[in-house]
Amino acid sequence: MAALTAPFPAAGADQSADPSVFVRRDGKGGARLELAVKGARCANCIAKIESGLKTMEGVTDARLNLSTGKLAVTWRDAALPPDAIVKRVIDLGYDARPYDPEAQLRNEDEDGRFLLRCMAVAGFATANVMLLSISIWAGAGDMGDATRTLFHWISGLIAIPAAFYAGRPFFRSALKSLIARHANMDVPISLAIMLALGLSIYQTAAHGENAYFDAAVALPFLLLIGRYLDHMLRRRARSAARDLVAMQAVVATRLDQDGHAHPVMARDIAVGDLIQLATGERAPVDGTIEDFDTEADVSLVTGESAPVPVTRGSLLRAGSIVTGRGVLLRAAARVEDSLVAELARVVEAGQQNRSSYVRLADRAASVYVPAVHGLALTVLVGWLITGASVPVALTNAIALLIITCPCALGLAVPAVQIVATGLLFRRGVLVKSGDALERLAEIDRAVFDKTGTLTIGRPVLRMDEVLDPAVLAAAARLARVSRHPLARALCVAAGIGPVADGAHEVPGFGVEASEGAVTRRLGRADWVGAAQGDGASSELWFRDGEAAPVRFAFDDPLRPDAGPALKAIAARGIECEMLSGDHARAAGRVAGEAGVVQWRAGVDPKEKAGYLEALAREGRRALMVGDGLNDAAALALAHVSISPGTAVDATQAAADMVLQGDTLWPIVEAVDVSRQARRRVLENFAFAAAYNAIAVPLAAAGLVTPLIAALAMASSSLIVTLNALRLRARA
């Protein structure tokens, strides 16, 4: 589909507006609508929404990003109105409205606060109702009927409003699911809460001995703990596409036909427009250099931090920063067709693919709901058939619903994740998404970027060549007036010292200073009158008057622990390889020092992303480790990804984990912890299965009251949490 140019309304626009206002059309009969979907929690939700939309006539594609909640739908414009798409999503049981990134962020924050409020209310009610229940238990032999009934009513006054308030996350989800003629895990939870309240009110009104208000509030409290932990982990999974787009200039300077300069929004730049770029400005669109040779930071394309020469007539990609003299740029593409925009689309597509990953908890939950509903109905009907009264049959059915309530299942994964992420944080790894640990435990290949990942990412003066200290000091006097990365490295090697009198920078060439009849230059080889070096490393040349030029060579050294870390990763059955946008000689040197046998050089961002896609198609589960803007798309497309803490924001946003230090060894620890965490999760699931195998027959036989069921359910949750804490003890 061609570029869709109609802009969305500004952030904060009325989200209840006609969806047709938000449609982007390509002029060829195609249309695209982006919606914010609320209520989707797992891979099954993604499949249900995407498949439900694709069955509509005219819909060509539907992709839901679980991390951002954004649903992108493309269709033949004449086939159906936008309202029908929104209605279809709502009919499937989810909220849908036009997508606004800022509104989504606000809504996400509000969701967290809402869960926290519900959890606080449920916790307060649980503590107070349990105190009253303990009083009833303690005085069982001496307490009169009137006093016991009074205590039950007081418990009800606390529990009923608290359960209705704290249960809203489950009630809303269950209601939407039932309206859409589906059943999710919140349906039996809601049933258990409502039936426990109803039975407790009946028993209290009938002056019965037992009421189960404590179970009605303890149940949502324990479940909300797991729900909130899961929400906090999901919140860390930010979209990198927004950060990539931010790398483009928002405002540019456009020259009109008379040569007058006018500020213009980048989105208004048309192909053929002439854009003026000053030193330090970022190119807003892809274009060709019209007038002078210059230098630019093209790390977006190659990943290399050192500026490179850009000649007149050559293509300069959007996002590149002019570090040499200012130039004129002839726009060759619009903003939405630039390299940065294309990378943003690839990143978002990768996040959508990653969102379709079916987590362990989702797989277990897929069989839970129908099984529990069937068992509870069977118990209810069975007791009625045997002649039991309706209250007795309901009590046993409710006890079964409570005792099999998925607290242990709901906490099995979040409890382990929160312990594992805390452990890794103390070891220098920030885990941004909960299921990243599950995916990391599955990897069979690790793909590393070179610059800034295996290497430290900044040039260092090579000291293996003999350098005259006096020459180094003289060159450093010129270097101290420049912000060029190589000049900075030269200053670091020389140490603190004076600046040459009259020294000034010549953009695109170097630094020059004249003292009397002597002219000193530090910069490009051709500018100082020297031959080019061997090309194996970055270089600066210095010439003092008529003396022979002196070469300063710079390398990007390997991280000290890169070799041992890669060896340790390989020892765990994971193949290691390196992809680099640098030239073959530099890449080969780093690969040899790091002990990497498989490596490729000269790989651009699209090729990196394509390679990760190819690995996925082959069934390989690859870890991608990278730090440059050119790695963002590959990071999003990998099975799991890690970025150093020195990486740019867009790259860190695309990664699942971020290293906090300057070493690679935490990757090894992350792999070990993820595998241990997976074992703890599987143990929790095994315990939950064994617990239900024992509890279900007891509840079905009428040997368990709802109160005992609530205590058993709470105990199972405690055991699951304690098992998760074993991860901290063994790691």
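Quick grid of which residues meet (1) in contact with a Leu (Cβ under 9 Å, 6 or more places away or on another chain); (2) surrounded by fewer than 20 Cβ atoms within 10 Å (Cβ to Cβ); (3) under 23 Å from Glu669 (Cβ atoms):
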| position | (1), (2), (3) |
| --- | --- |
| His583 | no, yes, no |
| Lys606 | yes, yes, no |
| Met624 | yes, no, yes |
| Ala633 | yes, no, no |
task: Enumerate the pairs (first residue in segment 439-467 and acidic (Asp, Glu); second residue anywhere and modelled with pLDDT under 85) with beta-carbon separation below 7 Å, excluding pairs fewer than 6 apart on the same chain, so at least 6 apart or on different chains.
output: Asp449/Gly303; Asp449/Asp627; Asp449/Gly628; Asp449/Asp631
field: Of all residues making up segment 530-545, the number that are more than 24 Å from Arg458 (Cβ to Cβ) and at pLDDT 85 or above
entry: 3
message: With the structure loaded, tell me whether Leu566 is in contact with a Cys (Cβ under 7 Å, 6 or more places away or on another chain) and in a helix (DSSP H, G or I) or whether it fails that test.
response: yes
- request: Go through segment 447-456 and give me each residue that's buried (at least 24 other Cβ atoms within 10 Å of the Cβ) and either aliphatic (A, V, I, L, M) or closer than 9 Å to Met578 by Cβ (or both).
  value: Val447, Phe448, Asp449, Lys450, Thr453, Leu454
message: Being among the polar types (S, T, N, Q), at pLDDT below 75 and loosely packed, with under 15 Cβ neighbours inside 10 Å is true for just one of Thr55, Thr5, Thr68. Which residue is that?
response: Thr5
message: Go through (1) modelled with pLDDT under 80; (2) touching a helix residue (DSSP H, G or I) at 6+ places or on another chain (Cβ under 6 Å) for Leu612 and report which single condition fails.
response: (1)
Scan of segment 35-52 for residues that are modelled with pLDDT of 80 or more and touching a Lys or Arg at 6+ places or on another chain (Cβ under 8 Å), ordered by number: Leu35, Ala36, Val37, Glu50, Gly52
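The values are calculated or read from the model by the stated rules, or taken from the named source; none is laboratory data. Just so we're clear, the structure is a prediction, and the values are computed from it rather than from any experiment. We place every Cβ from the backbone using ideal geometry, glycine too, and count neighbours over all the protein chains shown.
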